[in-house]
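Structure first, commentary second.
What follows draws every value from the coordinates through simple rules; no lab data is involved. Since this is a predicted model, take the numbers as computed values, not measurements. Cβ atoms come from the backbone with ideal geometry, glycine included; neighbour counts cover every protein chain shown.
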Amino acid sequence: MNVTYREIKPGKKPVKRAYLAVMLWFMGRAVQAASRVDRAIMDEVADLPDDFVFALGVAERGPWMVVGRRSDGALSYRGRAIGDDPVDLKLAFKHLEAGFLTFTFRENTPVATARDRLNVDGEVAHACAVVRIIDRVQVYLLPKPLARLAVKRYPRWPLLRKCVHRTRIYWRALLGY
Amino acid sequence: MPLPDRMQFNCPVKLICGRRALEHIPYELATRNACRPLLLSDENAHRENRSRAFVDALRETDHTLGLVEALPAKASREIVSELAAIYRDRDHDALVVMGAGPLMDMAKILNLVVSTGQDDPGAVTSDMAGMASRLKPMVLIAPAAASAYEASGRASIHGADLRAVGLMPDLVCIDERTLGAPGQEALMATGITALALGAETVMARPKNPLGDIYGVNAVQMAVAALHAVERLPDAVTPRMHLAGAAVMAGCALADRAPGRMERIARRLAATGRTSYSEALGILLPAAADFGERHWDWSPADLLRALVGLDRAASTPPAQQAMSTASALKTLVNDLFCHTAGRIPRVLDDAGFTREELDSVAASVETEDRAIAPGAIARLFQAAWGVVPDPARQ
């Protein structure tokens, strides 16, 4: 009996990649905006080292969200590709599908970590701070039913503060400042 | 449990189980410097197009996949040589196996051939001393219906039986998309085999605390799955449990020599009256009872896995061994009822004659000199279903 052999290149997932790229782009700009609006995020950023750069994205091919700490203590979105500059902390989903599960809010970050979908390259303490920042940003960005899926514990914030901050973060994220 | 005077344990198998588990494989292969896997699948996997899920999991990666599908259950040496030539000529660096039993045996030999650089599979199987300490990466995508030896360090092909820890797969992946849709009987056969192999690991001597952990888990998963498969053979959870139980039982076996119950069941199956899994199911309750009296087995260690913590804790220590045998008998009897007698409870149900059993007993005692003369005959009497064990009287 002769065995039948064939070789394939498995191909791409352009729609999922594009969705993730848009989500990470907007999330990056929202993180930048939130670091100028929310007091708790300002405090978290203040504890990070000067010129600290972190990236969140999908391993190997990206897309990425690269964010750095500026000298004035705020965060700035640095684009969707990891360049030659060193990155202090890299939070990488092992596979595009893992990132897609998280950014379609079917798994939150702690669950993704527990299921071994997320790879952390850097200081664990800094990774925890970044996850706390991203969780707060998600609470601002998403309506409550979605945000409850995205974060481990939905916080109880005064309604007025949440609405005002949410509006400011949305405007700043859209305008990019 | 006190630590035994002498023990060793080596299980190189990493188990990834659950939703979207297949998507972990590219990353795991990359950590082993592999990016050109060769996928081998059997006829069942090919018919159900299970390889599609794996191809989908590799999308958006740099991996190039080679596929050889619908391989026959019994692979000849020529096929192994042909696959080895493909592996080398096409620069593959890892094996991914989607199938059970004989296909996995063949994949283990193939991995040995391509890792050692030998051309002749026969030379590899006859000279295990030349086995490379580290073989090429091998991944098993476990199906729901399996022989339970897939994850072990044993391989049996062309009449040669090999045992080595290096033969165990590096990674076992259990994903609901690749479990397959086997019939109820195939699922029950998997559950009974995993249950019996796990149970013998836990009960038999010499004790190994780490092997016991795998054995107990295999028993727990198999018992839960067997009860569920009776009612819902198409449900995903019991099939996941069965695949997990088979992998756990394989890990518990590792590269150990076949146990006493395994060898007897093989002899019984060779008569053609019953299958290997059914023979294990018939022997298990009787062997638990008999082994405790005559072979220093400890069936009490299995009670918690069978009946749960509360009932095990409420059973006096002196009654635990008897309760274990009783729980196993009840389980096998339930399977007999729910399958309308297709799974035999006792040797009598399987249609054995006394002459056949005497012949099997004689051959087992000839093979294993440590067994007291007449012991197997007494075990068969206990497993016959009518005559009680004389030693109990």
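Under 13 Å Cα-Cα from B:LYS329, which aspartates and glutamates qualify once same-chain neighbours fewer than 8 residues away are excluded? In chain and number order, the partners are B:ASP289.
Under the criterion of Cα pairs below 8 Å and six or more residues apart, the relative contact order for chain B equals 14 percent. For the range B:193-298, taking Cα atoms only, Rg and Dmax work out to 13.8, 41 Å respectively. Here the ratio of the Cα radius of gyration of the range B:306-393 to 2.2 N^0.38 Å is 1.30. Taken as Cα centroids, the range A:1-66 and the range B:158-191 sit 37 Å apart, rounded to the nearest whole angstrom.
Can you list which of the DSSP-assigned H helices in chain B have a Cα extent of 30 Å or more along the long axis and an average Kyte-Doolittle score of at least 0.0? Helices passing the filter in chain B: B:209-231, B:317-338. Among A:VAL22, B:VAL165, A:VAL66, the ranking by other beta carbons within 10 Å of each residue's beta carbon, starting with the fewest, stands as A:VAL22, B:VAL165, A:VAL66. Taken over the Cα atoms of the protein assembly as shown, the convex hull encloses 188 Å³ per residue.
In chain A, inverting the average of 1/r over every pair of distinct C-alpha atoms gives 17.0 Å as the Kirkwood radius. What you get for the range B:14-178, charging only the Cβ of Lys and Arg (+1) and of Asp and Glu (-1), is a dipole of about 320 debye around the Cα centre. Per the Kirkwood definition applied to all pairs of different Cα atoms, how many angstroms is the hydrodynamic radius of chain B? Its Kirkwood hydrodynamic radius stands at 21.6 Å. Candidate cross-link partners of A:LYS162 among the lysines, defined by an alpha-carbon separation under 17 Å and a same-chain spacing of 8 or more, comprise A:LYS144.
For the protein assembly as shown, the residue among A:GLY57, A:VAL22, B:ALA270 whose Cα projects farthest onto the positive side of the dipole built from Cβ charges is A:VAL22. Here A:LYS13 is the anchor, and the aspartates and glutamates within straight C-alpha reach of less than 16 Å, apart from those fewer than 8 places off in the same chain, are A:GLU60, A:GLU97, B:GLU23, B:ASP56, B:GLU60, B:ASP62. Once the Cα atoms are used to define both axes, helix A:14-34 deviates from the longest principal axis of chain A by about 20 degrees.
Arranged from fewest to most other beta-carbon atoms within 10 Å of their beta carbon, A:MET23, B:MET240 become A:MET23, B:MET240. For chain A, the longest principal axis of the Cα atoms and the long axis of helix A:124-141 meet at an angle of about 70 degrees. The separation of the range B:295-324 from the range B:24-53, counted between C-alpha centres, amounts to 41 Å.
Using only Cα coordinates, the Kirkwood hydrodynamic radius of the range B:14-178 works out to 15.6 Å.
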